[in-house]
1. Consider residue 210 carefully, then state whether it is closer than 25 Å to residue 503 by Cβ, at pLDDT 90 or above and either in the same structural domain as residue 499 (by TED's automatic domain parsing) or in a strand (DSSP E or B) (or both).
2. Would you point out the residue of the range 234-284, among those that are within 18 Å of residue 392 (Cβ to Cβ) and assigned to a strand (DSSP E or B), that is farthest from the chain's Cα centre (by Cα)?
3. When you look at residue 156, is it at pLDDT below 80 and either part of a loop (DSSP other than H, G, I, E, B) or in contact with a helix residue (DSSP H, G or I) (Cβ under 9 Å, 6 or more places away or on another chain) (or both), yes or no?
4. Only residues in the range 422-443 that are on the phi > 0 side of the Ramachandran plot count as the first member; pair them with residues that are in a loop (DSSP other than H, G, I, E, B) and surrounded by fewer than 23 Cβ atoms within 10 Å (Cβ to Cβ), Cβ under 6 angstrom, at least 6 apart or cross-chain, and list the lot.
5. Can you tell me how many residues in the range 214-231 are at pLDDT 95 or above and either farther than 18 Å from residue 297 by Cβ or not assigned by TED's automatic domain parsing to the domain that holds residue 170 (or both)?
6. Which of the residues spanning the range 98-120 are part of a loop (DSSP other than H, G, I, E, B) and either touching a strand residue (DSSP E or B) at 6+ places or on another chain (Cβ under 8 Å) or surrounded by 14 or more Cβ atoms within 10 Å (Cβ to Cβ) (or both)?
7. Looking at residue 532, is it under 22 Å from residue 205 (Cα atoms), modelled with pLDDT of 95 or more, over 14 Å from the mean Cα position of the chain (by Cα) and not in a loop (DSSP other than H, G, I, E, B)?
8. What do you reckon, is residue 218 crowded, with 22+ Cβ neighbours inside 10 Å, without any contact (Cβ under 8 Å) to a residue 60 or more places away in the chain and more than 21 Å from residue 543 (Cα to Cα)?
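The values are calculated or read from the model by the stated rules, or taken from the named source; none is laboratory data. Every value quoted in this text rests on a predicted model; they were computed, and no experiment measured them. Cβ sites come from the backbone with ideal geometry, for glycine too, and all protein chains shown count toward neighbours.
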C-alpha cells in the first residue's frame, strides 16, 4: 500500500471502509474474484412474467377471499315446497353443515338422525353458513335479515362410486344396443344386433340364458315391475315376452308394421288386482299399442301421431283409470292417453323438432316397483303391489308432485305438469347439439341431460334451473344413469369411455376406459352396487367399487 501511495496511484486521503477503490485496484479485484454472470434476456423476461403472475394471483385471491364473519344470523328452515320447519333461530355464522343437520333433526323430531342438504340463495352450503353466503360475506346484506335455508332430504344410504371393471361378459356377436338390470338387482338383460336377448346371473356374473326368437336387431328390453317377465322388441316388428327365471318365450305380440322403438310396463300399483301389468310399446309405424301379455292380445292401438313414435312413459297418477300414458315422437308432439279406453286426453306442444326422450321424476319408483336398495322378499303379487304403492306415494311426495321432462333435436328441454296444464313449466336451453337422453335422479332433486355436444348438463328437478355442465367426453354422449342415492351420475359415450360424475362436488369422480369401441348403453343397478355398459365392441362390462 505504501509503495502504491508513493507511486501516486492511491489518493492522498486515507482508505476508509466503504470508500470506492480506485480504478486500478478495482481492476485488481476483478482479477482476484470473477464477476457473476449477467442474466440473459430470456431469463429477465421469465422473471418479469413470474412477478406479474404472482401479483395477479394475489389480487384475485384478495378479491375472492371470504373474510371471517363472527356473530349470529336469524335463519328459517323451509322444505322445498316452502313450508316452514320450526321457528326462526339465532344461529352462529360459523355453523357447519353437520351442525345444521343435527339442529334440523331436532326441529323435525326425527327418531334417527337423517342426512340433508342445505341451499341458501341458490348456493349449496358445503362447509359453513358464512362461507356459502357471498352477499353476506361481502357486506352487501344485513345479518339482521331472516335467511331462508331450504333443506332437501338425502338418501340414508350411500352408493360407492364405481372404480374398476369386475367382469367382461362376452357372448354377443354384434353390438350391444340395450341393457337393463332387473328391479331386484339380481339379473341383467341385454339386447344386441345379433338378434338375441341374453340373461345374465349377477351372483356369478356369468351367462344364464340366451333367448332366441327375434329376426332383427333388438332395440329395447324392459323388465316388468315385479321382475318376473322381460319384454324385448326391435326391427322385426314383434314384441316378445320372456320368463326371467327360465328364459323361455311366454308370448309373442304381433301387430306393429314397422320397427318397435320403445317399451315400458304399467306401474304395478295401478294394475288391475290379480292380473299382470299391461305392456306399452311404440313404433315407427306411428302407433303405440297396449298389450295384455297373458295372451298376447292388443287391447288398444293409439293412432293420433303423424310421425314415428320414439318414446313412451306410463305414469302412476290416476289409479282410477290405470295410470296415464305419454307418447312422443317425430311430429314434435307429446300426447297424453287414458289407458282404460285408449282415448287421447290432451296434447302438449312446444318443441320445434323431433322429440327423442321422455322422463318422469317418478321413473325410479315405478321401475323398481316394490324393491328398494335393501334385500326384500314378498309372499305374493298383492304384497308387492302394496309395497310398490307405498314407494310411489313417497316418491311423489318427496318430489313435490309428478313432472314430465322432454328432450329434443331442437337442442332444448321442456319441463311439464301435464295433468295440470298444457303449457310447459319452463324451457331449458344451453346444449349446442341434439339432446339424446334425459333422466331424473331417484329423489327427483335433479335431472341430467346427455347431448351430442359431448356434455352432460345438470338441472334443478323442481324449477328447471341450470346448475352445471359436466365436460370431459370427447365424443357424443349416448346415455346416462343415476345411482340409487342420487349422488352420482354415470355417462356412456361415443369416445369409448364411461365416466362417473360427483353431483355434490360437480367434478369427475372416475374416468373408466376399457371398451374398444363406442358405448351405446349404460345402467346402474337399483341396489347401487353395479354399473353395466354395452358397447359396439360386442362386450358387456360390469363395473363396481
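1. Working: closer than 25 Å to residue 503 by Cβ: no; at pLDDT 90 or above: yes; either in the same structural domain as residue 499 (by TED's automatic domain parsing) or in a strand (DSSP E or B) (or both): yes.
Considered against the rule, which asks whether it is closer than 25 Å to residue 503 by Cβ, at pLDDT 90 or above and either in the same structural domain as residue 499 (by TED's automatic domain parsing) or in a strand (DSSP E or B) (or both), residue 210 comes out as no.
2. Among those residues, the one meeting the criterion is 280.
3. Working: at pLDDT below 80: yes; either part of a loop (DSSP other than H, G, I, E, B) or in contact with a helix residue (DSSP H, G or I) (Cβ under 9 Å, 6 or more places away or on another chain) (or both): yes.
Here the answer is yes, as residue 156 does meet what is asked.
4. The qualifying pairs do not exist here.
5. 11
6. So in the range 98-120, the residues part of a loop (DSSP other than H, G, I, E, B) come out as 109-115.
Scanning the range 98-120 gives 114, 115.
7. Values: under 22 Å from residue 205 (Cα atoms): yes; modelled with pLDDT of 95 or more: yes; over 14 Å from the mean Cα position of the chain (by Cα): yes; not in a loop (DSSP other than H, G, I, E, B): yes.
So residue 532 fits the description; yes.
8. Working: crowded, with 22+ Cβ neighbours inside 10 Å: yes; without any contact (Cβ under 8 Å) to a residue 60 or more places away in the chain: yes; more than 21 Å from residue 543 (Cα to Cα): yes.
For residue 218, the condition - crowded, with 22+ Cβ neighbours inside 10 Å, without any contact (Cβ under 8 Å) to a residue 60 or more places away in the chain and more than 21 Å from residue 543 (Cα to Cα) - is met.
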